[in-house]
Structures are given as structure tokens and as C-alpha cells.
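**Student:** This structure is in C-alpha cells; I'll ask about it shortly.
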Amino acid sequence: ALPYHELGGAYARHEVEGLTKRLVFSAWKAVPRSVAGLLSYLAERRLTLEADPTAVNSPQRRAAQRDRLTFASGERGRLTGMPALAVLYPCTTLAIAADPREFAREHPDRSITELTTWATARIAALLERLPAPTGDRRDDERWYWAAPLLLDAADQGFWGRRDLAAAWRGGDSPAAAEGSGWQDHVDLAAETASGNLTPPLGSMPNDLVDVLALMALGAPGVLAMRALARVTGLGYDDADLRLAAGQVAWGLRSLFNSPEATALLRASGTETFWREVLRHSLDGDLQAVLDEYAHILLEAEGLLDQPPVQAAYLVAAAMMRALGLRASRVNYTSVSTASGRIETSSERLYTAFAMRFGDDEGGDRGAGEQPARRSQLREAFNSPFWPFALISTSVGQEGLDFHPYCHIVVHWNLPNNPVDLEQREGRVHRYKGHAIRKNVARRHGAAAIAGPAVDPWSAAFHLATGDRLPSDSELVPFWIYPPLPGERGATIERHVLALPLSRELGRLDSLRNALAVYRLAFGQARQEDVIDHLLTRLGPERAQALAAELRIDLRPPGCRSAFA
């Protein structure tokens, strides 16, 4: 909601401007399964065919389209995953040298090209810190991963941990499986950081400064470290901050290794995969995404009063839980005819972009698989990552928050009473919801970025409190912050998927009228619904008298005198 620069790639397309997630409700248990499977299949199909028009939908193709950021060994024991490690490494020097927020403060609303030019100029001067090449090899590609480590010199506070490899992956068990080379890669990185790389490095590639600039702007480890530092106040040289950032980067690695993300990045270019990760992160302004997400989690996890180090680890853990969501699957029966006979076969659809939130918690189980827990589904939906649509039965309409990245509620079919309708839509009308943050950022984002505050979101909401009128309660701007008249902004949207001539079209009018009365009784009336109902039924004078008689003032006591 508060980008630091113009977006690039797919994110620059006008049709995704103002994107928000969708929360879909239906009273029918078959809907979450069907809709999640079909939406995810269609999204994955488009991505896959974009990358390879000849691709065939098969389990073999899906298995081959994953795990590009790996830590394997090549010929003669060469560790081939060192560039991937550099992408995950929280490099202090690069974090300080080229912060996109600093660029936005100096050059608002500039393009990615201008940002990379600015970052390249800043990082070029840092190459003098690197040791002179002593080997005979030319264009030694090891510089791409060795340079970030050498720029930070021998940082024993980070590299000196005996359990660094295990702590970095944050307890992610697949990395500890037999045959994983993660420990070997971390050991080699520690040796390199202390200046003991063998054989010595050869000549620097001509594009080394460009790659380092791209890492400063798009490497998950660097971006996560900045985001955690902004909300905790820890310094970039803090070993615990860097380790927490490395854990977030590990979670992002899991995301980029998924078949869906692999298809997306393969469709966007032809460079090596780790470079595509950097470019994609820059195109989508992942730095601003993580800054916003960290700000949300610090409050959502109740960490405002926690010690900074503990807050950093807990925010990182919450991010990893959301990023760790794996695709579920929906099994279905395919019916076909052959030689005059009806034949059936069991097929499956993987759900990642859209997922179901129902009584069965996630998807169908295969051998040795566990379904996604409701809590993890909720955390993932409340993150800036997938799923982008959550389809639920009535189990998700009470007592749960789905507002951090969603302000559209879709009614597949209407509930039977106005209370259920209000409960559904209340899931996205919450504290610092997505629509509210969009409006706050639109009005105060530039000033917040330009200001001295470390966390731009804290600054933006502080500025928005100045818009509070004497008659307003302290719900403004945290719960209520609509766009100004004539201003293009975000609102809570209700979408009803009623077919033409459906009986639900008539039911919608009845529900809206009943809902207006229900809200009026609780003193939380939405003006457009209440006014339409009362004016139609009672007329202007009787409607005004009834509203004054039934209104209940639920605002904090300090604001009631202004209302009176």
C-alpha cells in the first residue's frame, strides 16, 4: 500500500492496481472445494503456459518445476548453491548502502531504472573494500556470492555461531534431511567471510556491481533485515536481528521454490533463477511489502512491549509460518466415455492461489501428508502472500479476522438473516485493515516516507490522527478512515454472485433493509443503507425522529460531549 518506487514487470500492469484479496462465503459445503480447485488450476495454468506453451499438466511436470534455490554439490564436490545462500544472506553493508526508502525520500515516484542507477553508483565505491583478485582465473563467478560476505568482513557475531546452519533455517526440517548440503554451504560461507577461500578469487565479472546493486534492492535476506530493524529499532550489526532476517529469507526461499512461483519466474525472463528472484523482488517492491507486513505483525502478535530482540524473532516466526503454507489438493472424479462405456478416473487439483477454509481444514490428504491447519491458513491469508482468495463456509464468519490484506467480501450465496451477513462482512472491517491502510498511505504516505521516523507506517498513522474532527472518536483513523469526497480510495466492498433473474436478487434487497435496522439498533449504522431504508419506508421527518430515538452512542466517553 506504500511503495517506495514505481513497480515493474507484472506488478506494473494497470489491472492489478489496488489489488486486494477476496474472502468468499457460501452456505454450501461443496463451494469451497470446487472454487478453490478451479481458481488455483486456472491461475497455475496461465503461469505454466506463459513459461512453456507446450507444457502438459502432469504430476511429472509439476515435480520438475520446483526447488530451484537448492544447496547441492556438482562436479568434484563443488557447492552449486552458494549464489542462493548469498540471496538469503542479511548483508549489513548492502542494507546500509542502498535502502529503497532512502531513495524514495530523496527521489519520490521514480522508476526502477532510476533506483538501480542510484544504487549502482552507491555500491560501486564499496568495491574498493574487496580484496584484490589473486587467482589466475578470469571472470570468477564466485564473486557474485563471495562479495556480500567479504563486504561485511569477518563478522564473528553472525558467523561464529556453532548452530548457525540449524538456526538460520528456523527449524525447517526438510533442510536437515539426508543429502542436504546446507551445512556445507554455510561452512564455506563462514570460511569465505574470514578470508580463507580456496582457491583464491580470480578477476571480478564486469557486471559485479550491477548484481550487488540488485542484491541490495531485492535480496530477501537484506530486505527482511531492514524490515525487522524498522519495527524493532535494532541496529543492522545486531547478530540476532540478522539471524531473524535470515529465517524470514529462508521462508521466502520456500515460497520461491514452489512450483507456482517457479512457473511465474520462468515466465518473466531467461536469466538464472536466483537472478530472477532478485529482479522479481525488486519489480514488486518486496522491501515495502515486508516493511508493511512487519508493522502489522508487531501489533497483531502483541509485541509492542516486548524486548526488541524477542520481537524480531517472533515477527520472523510469524512470517515463516505464513510463508510455510504448502499447496493443498482437491481430488475429483473425471468422467469420460470410450467405446460406448462410461469410465471414471480419480484426478487432483492443487490449490495455492485460492484455498478453502472449511470443516475439513485445508485439502485432501495423500499418503504421509497433513492438511493445512485453519490457523496457518488464516495466517497465510493475512499475509501479503498466497492464498489470494479464501473460500469458506459459515465456519469462517464469526470471531476471525481476515482484514490485513482483504477488503472485499464475496457472497457466493446469501445468508438467511442480516446477522450472518453482518458477521461475514465484519471479518474485513477491522483495526488498520487493508482499505484503511490504502487510504492513509494515499493521503500521508509521501510525508511519512520523507519524515525522520524509522517506521514509515507509524509515521503515516500519526499524521492521519491529525485528520480527526472534534466530533470523531478515536476509531479514526485506525478503524474508520474513508476516502474524502471525490477522492479515489479504498472501501469495504460487498460482491453478491447472484445470477440474473435469481430469487437472491430480491432477497438481497430484503437483507439490506433488515441489516439497516439491525445496525441502527446497535448504533453502528452505515448511512447509505439506513437512509435508503428509512426514507423509503417512513419518509424524511419520521426517519429522522426514529434515528434520534434509537441511536446508541458507543464512542469513548471523551468524545460524547462533542457529539452532544
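**Student:** Explain nothing, just the number: dipole magnitude of region 396-527 about its Cα centre with +1 on each Lys and Arg Cβ and -1 on each Asp and Glu Cβ, in debye rounded to the nearest 20.
**Tutor:** Rounded to the nearest 20 debye, it is 240 debye.
**Student:** When the chain is fully extended, how far beyond the present Cα-Cα distance does ALA167 get from GLU541, taking 0.36 nm per residue of separation?
**Tutor:** So the extension gain works out to 127.8 nm.
**Student:** Peptides 112-123, 374-385: what's the order by average Cβ count within 10 Å, highest mean first?
**Tutor:** Descending packing order for the listed peptides: 374-385, 112-123.
**Student:** Here's something else I'd like to know. What residue among SER392, GLY251, SER194 has its Cα farthest toward the positive end of the dipole of the chain, where the charges are +1 on Lys, Arg and -1 on Asp, Glu, each on the Cβ?
**Tutor:** SER392
**Student:** About the Cα centre, and with charges only on the beta carbon of Lys, Arg (+1) and Asp, Glu (-1), how big is the dipole of region 285-346? Nearest 20 debye, please. Before the final figure, lay out the partial values.
**Tutor:** Values: 4 positive and 7 negative charges, 127 e Å.
Value, rounded to 20: 600 debye.
**Student:** I need the fraction of alpha carbon pairs in region 325-483 separated by more than 24 Å, rounded to a whole percent. Provide the component values of the computation, followed by the final result.
**Tutor:** Working: 6551 of 12561 pairs.
Of all Cα-Cα distances in region 325-483, 52 percent exceed 24 Å.
**Student:** So, one more: Can you sort TRP479, TRP28 by 1.4 Å-probe accessible area, starting with the largest?
**Tutor:** Numbers: TRP479 95, TRP28 145 Å².
Output order, biggest surface exposure first: TRP28, TRP479.
**Student:** Starting from the Cα gyration tensor of region 195-316, take the square roots of the eigenvalues, sort them a ≥ b ≥ c, and report rounded, prolate or oblate (rounded when a/c is under 1.5, otherwise prolate if a/b is larger than b/c, else oblate).
**Tutor:** Oblate is the answer for region 195-316, as a/c is 1.5 or above yet b/c matches or exceeds a/b.
**Student:** Still on this structure: Please compute the length gained on full extension between SER346 and ARG373, using 0.36 nm multiplied by the number of residues separating them and subtracting their Cα-Cα distance.
**Tutor:** Working: separation 27, 0.36 × 27 = 9.72 nm, distance 2.47 nm.
Gain on stretching SER346 to ARG373: 7.3 nm.
**Student:** Compute the semi-axes of the equivalent ellipsoid of the chain, taking the square root of 5 times each eigenvalue of the Cα gyration tensor, and list them largest first in whole Å. Could the numbers behind the result be given before it?
**Tutor:** On the way: eigenvalues 417, 199, 76 Å².
Sorted largest first and rounded, they come to 46, 32, 19 Å.
**Student:** A further question on this structure: If you count, for each residue, the other Cβ atoms within 10 Å and average over each peptide, how do 447-457, 302-312 line up from highest to lowest?
**Tutor:** 447-457, 302-312
**Student:** Can I ask one more? For a label point 7 angstrom out from the Cα of LEU484 toward its Cβ, which stretches of region 432-450 have the backbone nitrogen within less than 16 Å?
**Tutor:** So the set is 439-448.
**Student:** About the Cα centre of the chain, what is the dipole size in debye to 20, counting +1 per Lys and Arg Cβ and -1 per Asp and Glu Cβ, all else neutral?
**Tutor:** Working: 62 positive and 68 negative charges, 287 e Å.
In debye, rounded to 20, the chain gives about 1380.
**Student:** How many nm is it between the label spots at THR491 and THR54, if each spot is 7 Å from the Cα in line with the beta carbon?
**Tutor:** Taking the two extended label points, one gets 5.1 nm.
**Student:** Highest mean first, what order results for 403-409, 427-433, 7-13 on Cβ atoms within 10 Å?
**Tutor:** Sorting 403-409, 427-433, 7-13 by mean packing, highest first, produces 403-409, 427-433, 7-13.
**Student:** Heavy atoms only, 1.4 Å probe, whole protein assembly: order TRP182, TRP412 by accessible area, highest first.
**Tutor:** Descending accessible area places them as TRP412, TRP182.
**Student:** Now a separate question. Using a probe radius of 1.4 Å on heavy atoms only, what accessible surface per residue do you get for the chain? Whole Å² is fine.
**Tutor:** 48
**Student:** Could you pull out the GluC sites (Glu not before Pro) across region 190-291 that fall in loop regions by DSSP (anything but H, G, I, E, B) with no more than 15 other Cβ atoms inside 10 Å?
**Tutor:** Hits after loop and neighbour filter: GLU271.
**Student:** I've got another one for you. Using the beta-carbon distance between ARG46 and SER339 and R0 = 22 Å, what value does 1/(1 + (r/R0)^6) give for FRET efficiency, to the nearest 0.05?
**Tutor:** It comes to 0.05.
**Student:** Can I ask one more? I'd like the distance between the alpha-carbon centres of region 332-359 and region 1-75, rounded to an integer number of Å.
**Tutor:** Spelled out, the Cα-based centre of one part sits 20 Å from the other.
**Student:** Hey, another quick one. Antiparallel versus total DSSP beta bridges in the chain: what percent is that, nearest 5? Could the numbers behind the result be given before it?
**Tutor:** Details: 12 of 29 bridges.
Close to 40 percent.
**Student:** Report, to the nearest whole %, how much of the accessible area of the chain belongs to carbon and sulfur atoms, 1.4 Å probe, protein only.
**Tutor:** On the way: 14170 of 27160 Å².
Answer for the chain is 52 percent, counting heavy atoms of protein chains only.
**Student:** At 222 nm, what helix-only mean residue ellipticity would the chain give, in deg cm²/dmol to the nearest 500, using -39500 (n - 2.57) for each DSSP H run of four or more? Don't skip to the answer; put the middle values down first.
**Tutor:** Values: 25 runs with 273 residues, N = 564.
After summing the helix terms and dividing by residue count, I get -14500 deg cm²/dmol.
**Student:** Related question: For region 403-481, run through the GluC sites (Glu not before Pro) and keep only the ones in DSSP coil with at most 16 other Cβ atoms within 10 Å of their Cβ.
**Tutor:** Counting only loop positions with at most 16 other Cβ atoms within 10 Å, the GluC sites (Glu not before Pro) in region 403-481 are GLU474.
**Student:** Can you work out the FRET efficiency for the pair LEU475 and SER510, with r the C-beta to C-beta distance and R0 = 25 Å, to the nearest 0.05? Present the calculation step by step, with values, prior to reporting the outcome.
**Tutor:** Numbers: r = 30 Å, r/R0 = 1.18.
Calculated value: 0.25.
**Student:** Let me ask something additional. Separation between the THR198 and SER180 pseudo-spin-labels, each 7 Å from Cα along Cα→Cβ, expressed in nm?
**Tutor:** 2.8
**Student:** Here is a further query. Report D for region 1-142 in µm² per second (integer): Stokes-Einstein, Kirkwood Rh on Cα pairs, 10 °C, 1.306 mPa s.
**Tutor:** 77
**Student:** Expected output is a single nm value to one decimal: the length gained when fully extending between GLU17 and LEU501, i.e. 0.36 nm times separation in residues minus the C-alpha distance. What is it?
**Tutor:** Once the chain is fully extended between GLU17 and LEU501, it gains 171.0 nm.
**Student:** As a test of reading the structure, rank THR20, THR54 by solvent-accessible area (1.4 Å probe, protein chains only), most first.
**Tutor:** In descending accessible area the options line up as THR54, THR20.
The values are calculated or read from the model by the stated rules, or taken from the named source; none is laboratory data. Note that the structure is predicted; figures quoted are calculated from it, not measured. Here Cβ is always computed from backbone atoms with ideal geometry, including for glycine, and neighbour counts include all displayed protein chains. Each accessible area value is taken on the protein alone, full model and side chains, heavy atoms only, with ligands, DNA and RNA left out. Shrake-Rupley method; radii C 1.70, N 1.55, O 1.52, S 1.80 Å.
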